[in-house]
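Taking it in order: structure first as structure tokens, then the write-up.
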Amino acid sequence: MSGTASAFETIHIRSVPDTMADSDCLPNADRRSPPHPRPFPREGGREKCFGAWMRVAILPVTLMAIVLSGSVNASLADENHPAVLVLRDATIFDSAAGKMLPHRTVVIAGDVIEAIGTPEQPAKIPPKARTIDCSGRYVIPGLIDAHVHLVHLADRTHVTGDEYLPLFLAAGVTSVRSTGDAIVAEAGVDRFSRAHPDRSPRVFLCSPLIDGATPVHKDVGWPLVDVAQVPGFVDDMAAWNVTTLKIYVGTPRTIGRSVIELGHRRGMIVTGHLGLYSAQDAVEDGIDCLEHIWSVFNYSIPGEVAGKPNHRADLDLQNPRCQALVTQIAKSPTVVDPTLVVFRNMIYLHDLPEVQEDPDLKLVPARMKRYWDAYRDRSKLMPETRDARQREIAKYQELTGILHRAGVPLLAGTDAPEPYVTPGFSLHQELELLVGSGLSPSAALQAATLNNARLLKQEEKLGRIEKGMTADLVILRTNPLDDIRRTRDIESVVRGGLVVSPSDLLRLVPKE
Ligand SMILES: [Zn+2]
């Protein structure tokens, strides 16, 4: 059993830096002006800073070329983007109430929902509107993935943003929240998305990963070692129109507290994949979001059991330390983004047949899959540790359910494109895992729509089907409240009033 435990711990420790390179980016959907690069750090040497920028600036060159060449299919866009689009007699998901409303007619003018008609109060329909008969169909708000990485993970697989963005939209994911990347490259992906709304989700940008003196991730980490560096960093992020600042594992409380305070002053959201900075301290200091269930679980372990064999797999979540932390979070404005799917598919259980044989894996370019398989082969998960690994994932789900029942708002995020976390489609797996954790299908859908939009400060535009909201919608053939897996039963996706079909989008993703 000691061999088992040590193999498990090895995976545990190594996989934190190698795979959980998060960055939170909250892009501003309203931004119209392009980001303007400014030298990043004021302290610590211009040369170091410039060198880092040069490294991160190389990748987006290809992307920029694609953006500038312009490849929107104009005829497709015109036909599917009428001045007025009407979804007639749909059953729509009211994400605020968490229930379905039958016989609604959604009138979309341009990219905005102009009216919602009912049998009692029919909406006015202009004569030249394009009408889609939605009787027997279920319309939900466009899904939002609260945790993705736009560049550095794809970079490792030699896949560029333009090649995998269609996967999100094909899965009904109309917005993605970056959780950390090199800002220049991220901004390039964002520009591609704006130029190609027929194949891209909306992008919300994030800072690089704020870390200690030696960042865990050399490609996307940014060291902040003195509180005097924080104002300059926050100013630069604001100049890039970043929505989210992300604190990473090497950030101590002194720096983290300053990032939260100054970030809030600039209207930004501060999130954390915590390490040195405890959840108890970060919540007390007013952090907006905790990334990964680890950022709660790791601070719920009593000192007397820490380090014992399989203590994580066997943790009693009723222990006083865990209960006190859950209560503290529930009383605070902090929300939690569990990202259960990355723990199962990538870190702990990629040796399960259901992960390896998942049909979603066939959707990504072969380059990406080859990198994922190389990661799997390096990881060498041991069969004899599988039982403990499965029990640990079950604990993560149990804690997710405890947080939900305590009233902590949960987000739905994935960490795509980490290995075996398929862009877009992994969000449907996350929804299943949330339901498996005790959320109702309605609550899971609320997490992926309303809660994610609220965290992004987009609740007046995204996440609900109401008059005045942006027309990001997914038309389903069956009712997802009967079975959450039906969120995959997509007939078409509406992105800002533009109708796109999943099969057309999947054809845009290279096979090789
Ligand atoms: Zn991440």
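Derivation of every value follows stated rules applied to the coordinates shown; laboratory data play no part. Since the structure is predicted, the reported quantities are computational estimates derived from the model, not experimental observations. Here the Cβ positions follow ideal geometry from the backbone for every residue, glycine too, while neighbour counts run over all protein chains shown.
Taking +1 at the Cβ of each Lys and Arg and -1 at the Cβ of each Asp and Glu, which of 189, 208, 174 sits farthest along the dipole of region 174-214 towards its positive end, judged by Cα position relative to the Cα centre?
Ranked along the dipole, the leading option is 174.
What translational D, rounded to a whole number of µm²/s, comes out for region 361-443 from Stokes-Einstein when the hydrodynamic radius is the Kirkwood one over Cα pairs, at 37 °C and 0.692 mPa s?
225
What whole-number distance in Å separates the alpha-carbon centres of region 96-142 and region 326-356?
35
Any chance you could run the full-extension gain for residue 304 through residue 378? It's 0.36 nm times the residue separation minus the Cα-Cα distance, nm to one decimal.
Going from the current span to full extension adds 23.4 nm.
Hey, which of these cross-link pairs are over 31 Å Cα-Cα: 99/395; 308/362; 369/461; 395/511; 128/362?
Over 31 Å apart, Cα to Cα: 308/362; 369/461; 395/511; 128/362.
In terms of modelled amide H atoms, which long-range or inter-chain residues lie less than 5 Å from the amide H of residue 209?
Hits under the 5 Å cutoff: 181, 221, 222.
So if I restrict to the alpha-carbon atoms in region 269-318, what is the Rg, and what is Dmax, the biggest pairwise distance, in Å?
12.0, 37
Which whole-Hz ³J(HN,Hα) couplings does region 481-489 yield from phi under the Karplus relation 6.51 cos²θ - 1.76 cosθ + 1.60, θ = phi - 60°, glycine and proline marked x?
So the Karplus estimates, Gly and Pro as x, are 6, 7, 7, 4, 5, 6, 5, 7, 7 Hz.
Which whole-Hz couplings ³J(HN,Hα) result when phi for each residue of region 133-147 is put into the Karplus expression 6.51 cos²θ - 1.76 cosθ + 1.60, θ = phi - 60°, listed in order with x for Gly and Pro?
6, 10, 5, x, 10, 10, 10, 10, x, x, 6, 10, 9, 7, 8
Any chance you could run the full-extension gain for residue 460 through residue 511? It's 0.36 nm times the residue separation minus the Cα-Cα distance, nm to one decimal.
14.6 nm
Calculate the translational D of region 153-245 in whole µm² s⁻¹ from Stokes-Einstein, where the hydrodynamic radius comes from the Kirkwood formula applied to all Cα pairs, the temperature is 20 °C and the viscosity 1.002 mPa s.
151
List the residues whose amide H sits under 5 Å from the amide H of residue 472, counting only those 5 or more places along or on another chain, with H placed 1.01 Å from N in the peptide plane.
It is 142, 496, by chain and number.
Name the long-range amide H neighbours of residue 416: under 5 Å, sequence gap of 5 or more, or other chain; modelled H, no Pro or chain starts.
When sequence neighbours closer than 5 places are left aside, the close amide H contacts are 149.
Which residues does a label at residue 317 reach in region 270-308, if reach means a backbone N under 16 Å from a point 7 Å past the Cα toward the Cβ?
It comes to 292-302, nothing else.
Need the list of aspartates and glutamates near residue 124 for cross-linking: C-alpha distance under 18 angstrom, and skip anything on the same chain fewer than eight residues off.
Output for residue 124: 89, 111, 114, 133, 466.
Cut-off is 10 Å between beta-carbons; in what order do 442, 207 appear when sorted fewest neighbours first?
Fewest to most other Cβ atoms nearby, the residues stand as 442, 207.
Counting alpha carbon pairs within less than 8 Å and at least 6 residues apart, what relative contact order, in whole percent, applies to region 103-237?
Relative contact order here is 16 percent.
Spelling out what I want: for every residue of region 340-356, take phi, set θ = phi - 60°, compute 6.51 cos²θ - 1.76 cosθ + 1.60 (Karplus), and round to whole Hz; glycine and proline get x.
Here the 3J(HN,Hα) series is 4, 5, 6, 5, 6, 6, 9, 8, 9, 9, 6, 8, 6, x, 5, 7, 5 Hz.
How big, in percent, is the set of alpha carbon pairs in region 242-308 lying more than 16 Å apart?
Considering region 242-308, 42 percent of its Cα-Cα pairs are separated by more than 16 Å.
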